[in-house]
Structure formats: C-alpha cells, structure tokens
1. Give me the percent relative contact order of the range 138-228, please, defined on Cα pairs under 8 angstrom at least 6 residues apart.
2. Pairs to check: 127/192; 96/272; 30/272; 68/192; 127/171; 30/171. Give those whose C-alpha atoms are more than 31 Å from each other in this structure.
3. About the Cα centre, and with charges only on the beta carbon of Lys, Arg (+1) and Asp, Glu (-1), how big is the dipole of the range 26-314? Nearest 20 debye, please.
4. Between residue 187 and residue 68, with labels modelled 7 Å along Cα→Cβ, what's the label distance in nm to one decimal, could you check?
5. Given a cut-off of under 8 Å on Cα pairs at least six residues apart, what relative contact order in percent is computed for the range 26-314?
6. Any idea how far apart residue 253 and residue 104 come out in nm if each label point goes 7 Å out from Cα toward Cβ?
7. So between residue 36 and residue 14, what do we pick up on full extension, going 0.36 nm a residue minus the alpha carbon distance?
8. Starting from the Cα-Cα distance between residue 357 and residue 49, subtract it from 0.36 nm times their residue separation and give me the gain in nm to one decimal.
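Here, each number is a calculation from the coordinates, and none is a lab measurement. Every value quoted in this text rests on a predicted model; they were computed, and no experiment measured them. Methodologically, a virtual Cβ is constructed for each residue, glycine included, from the backbone with ideal geometry; neighbour enumeration extends over all protein chains shown.
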Amino acid sequence: MWRFQREMKEDKGARWFELECVPKEYIFPKEYRPQNLDSPVCDSIPVISLAKSKAENGHSQPVEEILKASQELGFFQVINHGIPEKTVTDAMNVLKEFFDMQAKDTTTVTVPHKKGYIYTNSTYFAKDGVHLWRENVKHPCHPLEECIHLWPASPTRYQEVIAAYMVEIQKLSTRILEMICEGLGLEQGYFKDTSEVQFLSSNFYPPCPDPSLTLGLLPHIDPSLITILYQGGSTGLQVMKDGQWVNVGAIPNAFVVNIGNQLEIISNWKFKSAKHQVVTSTYETRLSIATFVNPSPNWIIEPAKNLVNELEPTLYKASQNMVNELELTLYKATQNMVNVLEPALYKPIQYKDYLLHSNAFGDDTAALQNGLR
C-alpha cells in the first residue's frame, strides 16, 4: 500500500485528494503533462443557439453553424437547447451525492455485469503506472427502460433523476443529428433507427495541489457519432486546435458537443473528430456528465453511400485485415495522413466488433458491451 494512503488512514475524514502535494503515482512524465493551463478560454469555439431562424440558402441558421463547426473543428457548444435547467441541476446534484458517498469506501470497483454500472476510484486506471486525477461512474443507457433498475440504487433518487436527464438528452441528440443530416444532405431520419444514447460517463475531478503534474483525462478521440457533455460552470476541458491545446469555456446551461470518429467516417471525412483531454485545477472541483450517442451495435462502419461519388471517392477500400486496417485508418485520420491519392485500407465491420477489438473504452469495453443488445 502506498505511503500517501497510509497517511490518509490516520485522518479518517480525509479523502484521497486532500493532500499538500501530488503523490508520485499521479505525476505524469514531462512529455505527457498538460500545457497552456493558464491560457485564456478559446473564443473561436462556436456557441450555437438552437433557436430556429432561416439562413439564405434555406437551411436554418443552426444547421449552417453546426455544419461549419463540424467541418472546421469538430467541437461546439449549444444553447437554447430546450432541456429544462432543473433536469440538469438535479442530475448534477445526484451525481455529486453519489461521488460523496463513495468516499467511505475508496477501494470500491463494482462488477458491471452483476451491478449494471461501473464505479472506479482514482487508482483503478494507470497509464504506464500513473493514475488519473479523477473518479468515474459509467453505465449503459439503452434501452433505457431495461437499464434503469441496474443503475446505482443509492442515492435513492439516482435512477429517477438520471432517467429523466437521459430522456432529454435523447431528444437533444436526435435534434442535433437531424440537423447534421440536413447539413450533409443525407435523407431525413438517416440516424433514426441506427443511433442510440448508449452510455453515460460521469467524471469527478477534485482540486489538485499542482495541476501542472497531473491529468484528469488522457488525450483521446471519442468512438461515437457525437458526444454530448454537460460541464456545469467548471473549466478544465481542452481541445486540440491547430496543433495546440486550447481551453474550452464553461457557459451556463450550455452543452458541449463533439464529433466522434464514427461520424467522421460516415461523413467521408467532411467532419473532424478532435482530440481532447481534461486538466485539473488547484481550487475548483469539476463534475461532468458525458453521454455517448453511438451507432447501433450491428451498424456497418463505412461512409454514407450518397456522400461517395466520382468527385468525392471513399477514403477506404477492402482489406483482409479488418481490425488492424481500421485502426490504421483512424490513426491516419488523426494525423491528417488520409487523402484520395493514398486512401486508408479498410474492410467494413460492425460497430460492436470495432469497439471490442480496438478496446475503445479501455479496460471496461467488454463489460460495457454486455450492456448492449
């Protein structure tokens, strides 16, 4: 058992993060440490009102703005989204209560196929032996009526409150995907029967004695169509823009939307899936709720057929080594190495197989897959 854990046992009221300095088990090598912590919030990340108004070409203004943001950065925030503020506040409060309850047993890691959810403390995940400065709870959300009773039973309002939140997120995700369909020129309802709000992942990032040494979440690209994130009033989210980490602002009652790698493929690389991470703060606690809107498990990963033509050929063609070549495709995409003259090789596979073989959700991937149909 580590020295800092022994010291904390002497103060039974202290939590794992209530320390004067960062324990070595949380200190990342210099090449992985966060950058631009004190930089101002990036003002070029679009904030889009979903209130309807017509643009000159017949599309509504939100459609035009979402299309542009998805093409240029893959990140934007939405306001005037229609989700009641009370629904969001209740969800944040019940999740805060959930994480507070875990302080009594910081070694708890629930078994998802028995409990229907996964709670992990800060020592669960390690990158080359280094832990993230966070706690996390995640669980499947589809079909919602079949998942609710498997979620945490404490706090007692958890299931009711989070279910109400997920109903609203489903409405919002459907609305955003319909706007994306319109912007891309896909037929109406393209995602209606083939997309699901599959997972919720809530992260608790407590204050850190020295944020320059730690990370709350490693740099990554989401394996989703879109991810919808509520971050309350707390900053800490960073997105890679023009080769630099920039800070995403925390706008009251706004949701952050980022394009996942699945929508990047469907759009035939018209959209970008941006790399992002979370840094910590000396004084501020960050609590976030991420919901992953994914293709259905049997979805075949490939560009939308009506986005492929002689002028815009697919960036993929068949290969015998489906998983390795798909990973090469995604790697090349993140490195801006894919082009028409040198297409990535790719054999279409089902989304559930991609998740499993690429270990898309880390060590929890297989367990979360058990929550899918």
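1. On the way: 50 pairs, mean separation 31.6, N = 91.
With pairs under 8 Å counted, the relative contact order is 35 percent.
2. Going by Cα-Cα distance, 127/192; 96/272; 127/171; 30/171 fall outside the 31 Å limit.
3. Details: 23 positive and 31 negative charges, 100 e Å.
My answer is approximately 480 debye.
4. The answer from the label model is 3.1 nm.
5. Details: 572 pairs, mean separation 68.3, N = 289.
Across the range 26-314, relative contact order equals 24 percent.
6. In this crude label model, residue 253 to residue 104 measures out at 3.6 nm.
7. This chain segment gains 4.9 nm when fully extended.
8. On the way: separation 308, 0.36 × 308 = 110.88 nm, distance 3.80 nm.
Full extension of this stretch gives 107.1 nm more.
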